[in-house]
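Q: Below is the structure I would like to discuss, written out as structure tokens.
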Amino acid sequence: MYVNVRAIIERNYNNYSEIVIQTRTKNNEPIVYELPGGQLNEYESLLSCLKREVMEETGLEITSIVNENSKIISKSEIYKTEVECMESFAVYQTTYGPIDSMGIYFRCNATGQILIEGDGTKEIRWIRLEDLYKLIQDDIEKFSWVDRVGIQFYLNKVGFI
């Protein structure tokens, strides 16, 4: 099973709510819209992975993550472990399909200049929630099969749907 983190990077611009989406351009994968994020490396913390993936794919630096202060770390000398627990925005799990994966969505803010092309991404941009809603309604298949549910969940939670 793959474990992923996904960033819902938010901002208010000219009195419109926007988030960042990008186009996936990895070899042998369909060209679709997605949220920034990716797979955790072994023993990598969720937030470290989120920050790394956002920087690699978009050029943006995460400045805040909703509920990041909820994080608690537990260490055990007996078991030689360290475990972190925190609140996230949402979690997904594939229940059928070609890839067994689960992921965690985090709402966050970021700063910096968006790259023209990132690691496996292009057309990285801010999109108004109104336009995002129309785009996903017009053709849901234009979105990554993982992120379409996260975007719908987000739009519902912020009262847009």
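Q: Picking from Gly120, Gly150, which residue would you name as being within 21 Å of Asn28 (Cβ to Cβ), open to solvent by less than 20 Å² (accessible area, probe 1.4 Å) and within 17 Å of the chain's Cα centre (by Cα)?
A: Result: Gly120 is the single residue among Gly120, Gly150 that is within 21 Å of Asn28 (Cβ to Cβ), open to solvent by less than 20 Å² (accessible area, probe 1.4 Å) and within 17 Å of the chain's Cα centre (by Cα).
Q: Can you tell me which residues in the range 1-37 are touching a strand residue (DSSP E or B) at 6+ places or on another chain (Cβ under 7 Å) and in a loop (DSSP other than H, G, I, E, B)?
A: Across the range 1-37, the qualifying residues are Met1, Thr25, Ile31, Val32, Leu35, Pro36.
Q: Further question on the same structure: Which one of the conditions (1) under 22 Å from Leu132 (Cα atoms); (2) exposed (fewer than 13 other Cβ atoms within 10 Å of the Cβ) does Lys26 fail to meet, given that it meets all the rest?
A: Only one criterion in (1) under 22 Å from Leu132 (Cα atoms); (2) exposed (fewer than 13 other Cβ atoms within 10 Å of the Cβ) is unmet by Lys26, namely (1).
Q: Residue by residue through the range 45-92, note down the ones that are in contact with a helix residue (DSSP H, G or I) (Cβ under 9 Å, 6 or more places away or on another chain) and in a strand (DSSP E or B).
A: Listed by number, the residues that qualify are Glu61, Ile62, Ile65, Glu84, Cys85, Ala90, Tyr92.
Q: Evaluate the range 23-32: report whether one residue or more is free of Cβ contacts under 8 Å to residues at least 60 places away in the same chain and within 16 Å of Ile124 (Cα to Cα). Outline the logic, then answer.
A: We begin by selecting, within the range 23-32, every residue free of Cβ contacts under 8 Å to residues at least 60 places away in the same chain; these are 27-31.
Remaining after also requiring within 16 Å of Ile124 (Cα to Cα): 31.
Checked against the condition, which is being free of Cβ contacts under 8 Å to residues at least 60 places away in the same chain and within 16 Å of Ile124 (Cα to Cα), the range 23-32 yields at least one hit.
Q: Find all pairs meeting these conditions: Cβ atoms under 8 angstrom apart; at least six residues apart or on different chains; first residue within the range 99-110 and assigned to a loop (DSSP other than H, G, I, E, B); second residue open to solvent by 50 Å² or more (accessible area, probe 1.4 Å).
A: If the second residue must be open to solvent by 50 Å² or more (accessible area, probe 1.4 Å), the pairs left are Ile99/Tyr2; Asp100/Met1; Asp100/Tyr2.
Q: Filter the range 82-117 for residues that are surrounded by fewer than 17 Cβ atoms within 10 Å (Cβ to Cβ) and more than 25 Å from Pro30 (Cα to Cα) and give the result.
A: Of everything in the range 82-117, those that are surrounded by fewer than 17 Cβ atoms within 10 Å (Cβ to Cβ) and more than 25 Å from Pro30 (Cα to Cα) turn out to be Glu82, Val83, Glu84, Cys85, Glu87, Asn109, Thr111, Gly112, Gln113.
The values are calculated or read from the model by the stated rules, or taken from the named source; none is laboratory data. In this text the structure is predicted, and so the values were computed from the model without any measurement. In this analysis, Cβ positions are derived from the backbone assuming ideal geometry, glycine residues included, and neighbour counts consider all displayed protein chains. Surface areas here come from the heavy atoms of the whole protein model, side chains and all, with no ligands, DNA or RNA. Shrake-Rupley method; radii C 1.70, N 1.55, O 1.52, S 1.80 Å.
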